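Okay, so here's the structure we're looking at.
All of the numbers you see were taken from the coordinates with simple rules; none came from a lab. All figures in this text were calculated on a predicted structure; none of them were measured in a lab. Backbone-built Cβ (ideal geometry, glycine too); neighbour counts: all protein chains shown.
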Amino acid sequence: MSLRDSGGKEIKGKVTYDQAQSTLIFMLDSPLASNGRDDGYYTITITPQDRAGNTADVRYEFFYDTKPPKLSRADITINDNPLILDSSSENYPTAISSKTGVTIKAKMTDDGIGVDLTSSSITITDPKNNKVSGSLMQDGVDTIWFTTGLLTEEGRYKVEINPVDLNQNGKNKSSETISTEFLFELTKPEASVTSPTIGSAGTESENKPIKITGTAQDKSSNNVPASGVAKVEVGGIGPDGKELEWIEAIDDEKARGANQPKYSKWYVNFMPDQTGKYKIKLRVWDKAGNYGIYETNLELKFTVSLSFQDAVYCWPNPVTNGVAHISFKVTSPSSQKVMVTLYVYDVSGDLVYEETTEQSTKERTFIPWECRNMNGEKVATGIYVYRLKAELPNDDKVVYKIGKPIIVKN
C-alpha cells in the first residue's frame, strides 16, 4: 500500500494489518497539515496478492480539504450598499437610517468540496448585546443574506459572517470569519450660514458670485455616536417664486483645520442666472442618510447682465498635442444663449483663426482650437494671443475678454 499526492510525491507511512477485521491500515509517519498547506487530491494504491502470487493494483483518489470557504469581501453589502469592513476607514462603521431593518448579503467561494450555505451564517447583535432576529436565506449557489425586522435601538450593531464548507470546515469560526459593525442613526444633522451678514452690503452683487460660508454638525445624542456630515447643499427660492436647484457646498478644509470634521466649515460661490432677490435655505445630509432643511433668513440681490465670469485660460499651456482648450464662463440675463467668438492672433497682431459658437451660460465651458489657421494649415511653433467676444442675439451689447498668451509647439 502506498500514498502519493497530486504531484506524484510519495507520502511516507507504515502499513499494518488488522487480521480480525481483514483490514489494511496505512499510518502516516507525519500527519498532513491542517492549515490548508497539504490540501489537494491524493491517490492511495493497494496491491493485493493471492496465494498463487497474482497481483493487481487498485487505486482510490480522495480530496483532502481543511480550508474553510473564502468570503468575497467586495461583495458584502448592507441594504445593497458596500458594508465597510476596515475599521481604520474614515467612513467606518457603515451608517444607515433605515427604520424598516437591514439586509446583509455575503458571497463565498470554496477551493475544495464546495460551500455549505445551510451551515454558513450571518448574525447581528444590537447595542445592548442582544441577538437580532431575522431570516437567513440563500440562493443555492454561493450567496447568503440575512434580513432583520424593525430596528429599535440606535447605536452600533455587531455583524459576524461565518462561511462553512460541505466538510464542515469553518463550522466553529475560522480565519475566514468576518466581524464588523454598522451604525443605526436617526438624528438629523444641522447647518447654518455665517456670512454674508443679513442686510449687509455683501448680500448684493452685479455679475459676480457671492461667497456664502457656513457651519454644519452632526451631534451625538443619547449615547448614540454620530455618523458625520456627508454633504451640505444651498438652495432656496428665486425671484420667480420657484425652488432653486440644490448646489453642493465645498468642504472648507483650510478654514476648519485638519482636526475638525468635514463640513464643519463650508462655502459655496453662489451665482444665479436671473436678476432679482433670492431667499437662501440649506439642506444637510449625514452619512446615515438623514437630512434636515433649514431656513436662513438670508436674502441675496443680484443684477445679472452679459459678462465673462472669472478668468479665461488655455489648457494645456504650452500646447504640445495640437489642441488648445480655451476655457471660460459667461453669464447672461435669464440664461439666454450667447454667441461667443474666439479670435487668435500671432505676435505680429495678424488674425490667424476665428470661430463663432453658441454657448450655454450654465457652466464653465471651452472652445477647442486645433492650432490651425483659417485655411486648415497647422500654425508654426510660437506664441499666440486670443480674445473672446460674447454677444446676445437681437441685442447690441458686446463684451470682450483677453486671455494669457498661448505657447504652441507644433
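Worth a mention:
- Within region 306-410, the GluC sites (Glu not before Pro) that combine a DSSP coil assignment with at most 15 other C-beta atoms in a 10 angstrom radius are Glu363, Glu370, Glu377.
- GNM top mover of Leu392, Leu136, Leu183 - the chain, alpha-carbon springs below 10 Å: Leu392
- Other-chain or far-sequence residues with amide H under 5 Å of Gly101's (modelled H): Leu151
- Extension gain (nm, one decimal) between Ser335 and Thr213, 0.36 nm per residue minus Cα-Cα: 41.4 nm
- Inter-site label distance for Ser327 and Ser119 at 7 Å from Cα along Cβ, in nm: 5.9 nm
- Separation between Cα centres of region 234-252 and region 270-317, rounded to whole Å: 6 Å
- If R0 is taken as 41 Å, the Cβ-Cβ distance between Ser175 and Ala380 corresponds to a FRET efficiency of 0.05.
- Phi-based couplings in Hz for region 228-234 (Karplus 6.51, -1.76, 1.60; Gly and Pro marked x): x, 6, 9, 6, 10, 10, 10
- When you restrict to C-alpha pairs under 8 Å that are six or more residues apart and normalise by the size of region 2-64, the relative contact order lands at 29 percent.
- Each residue in Leu298, Leu351 was given a count of other beta-carbon atoms within 10 angstrom of its own, and listing them fewest first yields Leu351, Leu298.
- Part-to-part distance (alpha-carbon centres) for region 75-108 and region 344-409, which is given in Å: 51 Å
- The stretch between Thr147 and Phe26 holds 38.7 nm of extra length on full extension. This uses 0.36 nm per residue minus the Cα-Cα distance.
- Net charge, Asp142 excluded, C-beta distance under 12 Å - Lys, Arg +1, Asp, Glu -1: -2
- Trp285, Trp145, Trp315 arranged by Cβ crowding within 10 Å, fewest neighbours leading: Trp315, Trp145, Trp285
- Answer label for log10 I(q)/I(0) by the Debye sum over Cα atoms at q = 0.10, 0.11, 0.15 Å⁻¹ (calculated), chosen among [x] -0.82, -1.01, -1.70; [y] -0.88, -0.99, -1.37; [z] -0.90, -0.97, -1.22: [z]
- At full extension, Asp111 and Ser135 could sit 5.9 nm farther apart than now, given 0.36 nm per residue minus the alpha carbon distance.
- Just checking the listed ones, Lys242, Lys329, Lys265: in the Gaussian network model of the chain with Cα springs under 10 Å, the one fluctuating most is Lys242.
- Residue order, fewest to most surrounding Cβ atoms within 10 angstrom, among Met108, Met1: Met1, Met108
- Summed residue charge, Cβ within 12 Å of Phe328's Cβ, Lys/Arg positive, Asp/Glu negative: +3
- Taking amide hydrogens as placed 1.01 Å from N in the peptide plane, the amide H of Ala230 sits under 5 Å from those of Trp285, Asp286, Lys287, each at least 5 positions away in sequence or on another chain.
- Mean residue ellipticity (222 nm) of the chain, computed from DSSP H runs ≥ 4 via -39,500 (n - 2.57), nearest 500: 0 deg cm²/dmol
- Which listed pairs, of Lys254/Lys401; Lys99/Lys362; Lys265/Lys397; Lys211/Lys389; Lys301/Lys362; Lys12/Lys67, have C-alpha distances above 29 Å, in listed order: Lys254/Lys401; Lys99/Lys362; Lys265/Lys397
- Residue with peak Gaussian network fluctuation, the chain [Cα springs, cutoff 10 Å], from Gln359, Gln217, Gln49: Gln49
- Projecting label points 7 angstrom from Cα along Cα→Cβ for Val398 and Ile46 puts them 10.3 nm apart.
- For Ile11, residues with placed amide H under 5 Å, excluding near neighbours: Leu3, Arg4, Asp5
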